[in-house]
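The values are calculated or read from the model by the stated rules, or taken from the named source; none is laboratory data. Predicted model, so just to flag it, every value in this text is computed and none were measured. We place every Cβ from the backbone using ideal geometry, glycine too, and count neighbours over all the protein chains shown. The area values use the complete protein model at the heavy-atom level, side chains included, leaving out ligands, DNA and RNA. Shrake-Rupley method; radii C 1.70, N 1.55, O 1.52, S 1.80 Å.
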Amino acid sequence: MTGYDVLAEVYEWLISDAKLTPPEFAAAFADVTCLLPSNAQVLDCSCGTGQLAVGLAGLGMQVVATDASEAMVRRTAELSEEFRASVRTVRADWQELPDHFNDATFDMVFCVGNSLHHAVGARGRLAALESMSRLLRRGGRLVLTSRTWELVRARGSRLDIGDRLVRRNGRDAVVVYRWEIAPNWEEEHHIEIAVAQVDAAGSVLVRSELLSCWPYRHDELEVELHRVGLRAERSTFNPEAENYMVVASKI
């Protein structure tokens, strides 16, 4: 999986107001982090710009943050330095994780931010889940968030334009998503994300990136989790909701 080298520079416009700071992002997962032992070993393997990883480190956890995008890893390291948080950063995609870490290293692995759909097809997705499962200790948990692809596909190809200006770092921007929905589930889909920044003089600077994705059904995900030795403990899946979370434990 590659991508996000352009969007990394403007990714804060894609984060909701409620999760913008590291403490807020970590607080959003308080119902699962409360299950962790003190000084837990945690991996955020789709770290983005680092809000979750830095937030977890602020709670006293031993945190490693990885991402397939070098630009995202750089931004995570910068955020860690800004907050004086101890976060180890590594550029690695999911299938490379066992090259960097021993099996059964972590108490919890996070794969959040709707990232798993970037794994290439069912085979790539299963390989990604297998890598994450290997790194969990017995009884450890994978925390995964996902788009509700059943809902996304039902809406078809389209253009979604934000209905308000989003302010970040004293600048306003409009976020646009362009969806290319393939005829069949197993085919490559595309999302083009554009962030149009507007300065005080009215000038517009647009940064955009076309991303590949391979959607999956919720029931397929549960089967694949079981195949890699994980048991789904909890799921917030609702076919009418935009996103859901799955918590699965290492058998």
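All conditions but one from (1) farther than 24 Å from residue 209 by Cβ; (2) crowded, with 16+ Cβ neighbours inside 10 Å; (3) hydrophobic (A, V, I, L, M, F, W, C) apply to residue 53; the one that does not is (1). For residue 86, state whether it is at pLDDT 95 or above, touching a strand residue (DSSP E or B) at 6+ places or on another chain (Cβ under 8 Å), of a type in the set (S, T, N, Q) and surrounded by fewer than 17 Cβ atoms within 10 Å (Cβ to Cβ). For residue 86, the condition - at pLDDT 95 or above, touching a strand residue (DSSP E or B) at 6+ places or on another chain (Cβ under 8 Å), of a type in the set (S, T, N, Q) and surrounded by fewer than 17 Cβ atoms within 10 Å (Cβ to Cβ) - is met. Assess whether residue 175 counts as being open to solvent by less than 70 Å² (accessible area, probe 1.4 Å), touching a residue at least 60 places away in the same chain (Cβ under 8 Å), of a type in the set (Val, Ile, Thr) and in a strand (DSSP E or B). Yes: the conditions hold for residue 175. Residue 114 satisfies every condition listed in (1) under 27 Å from residue 31 (Cβ atoms); (2) open to solvent by less than 10 Å² (accessible area, probe 1.4 Å) except (2).
In the set 32, 42, only one residue is touching a strand residue (DSSP E or B) at 6+ places or on another chain (Cβ under 6 Å), of a type in the set (Val, Ile, Thr) and surrounded by 18 or more Cβ atoms within 10 Å (Cβ to Cβ); that residue is 42.
Within segment 4-19, residues that are in a loop (DSSP other than H, G, I, E, B) sit with their Cβ atoms under 9 Å from residues that are among the hydroxyl-bearing types (Ser, Thr, Tyr), at 6+ positions apart or across chains, in these pairs: 4/11; 4/69; 5/69; 6/208; 15/49. In segment 24-45, the residues that are touching a residue at least 40 places away in the same chain (Cβ under 8 Å) form Cβ pairs under 8 Å with partners that are open to solvent by 60 Å² or more (accessible area, probe 1.4 Å), at six or more places apart or across chains, as follows: 33/59; 40/62; 41/62; 42/62. For segment 120-130, the set of residues classified as surrounded by fewer than 22 Cβ atoms within 10 Å (Cβ to Cβ), touching a helix residue (DSSP H, G or I) at 6+ places or on another chain (Cβ under 9 Å) and small (Gly, Ala, Ser) consists of 122, 124, 127, listed by residue number.
Among the residues of segment 178-188, those identified as open to solvent by 70 Å² or more (accessible area, probe 1.4 Å) and either over 29 Å from residue 203 (Cα atoms) or among the β-branched types (Val, Ile, Thr) (or both) are 183, 184, 186, 188. Kindly indicate the residue of segment 196-251 that is open to solvent by 80 Å² or more (accessible area, probe 1.4 Å) and of a type in the set (Val, Ile, Thr) and also nearest to residue 119 (Cα to Cα) among those meeting that condition. Restricting to residues being open to solvent by 80 Å² or more (accessible area, probe 1.4 Å) and of a type in the set (Val, Ile, Thr), the top hit is 223.
Residues satisfying the criterion are absent from segment 69-78 (criterion: assigned to a loop (DSSP other than H, G, I, E, B) and either more than 22 Å from residue 197 (Cβ to Cβ) or open to solvent by 40 Å² or more (accessible area, probe 1.4 Å) (or both)). Checking every residue in segment 134-155 against the condition of being of a type outside the set (Gly, Ala, Ser), modelled with pLDDT under 95 and open to solvent by 30 Å² or more (accessible area, probe 1.4 Å) gives zero matches.
Among the residues here, residue 113 qualifies as of a type in the set (Gly, Ala, Ser), at pLDDT below 95 and either part of a strand (DSSP E or B) or under 30 Å from residue 183 (Cβ atoms) (or both).
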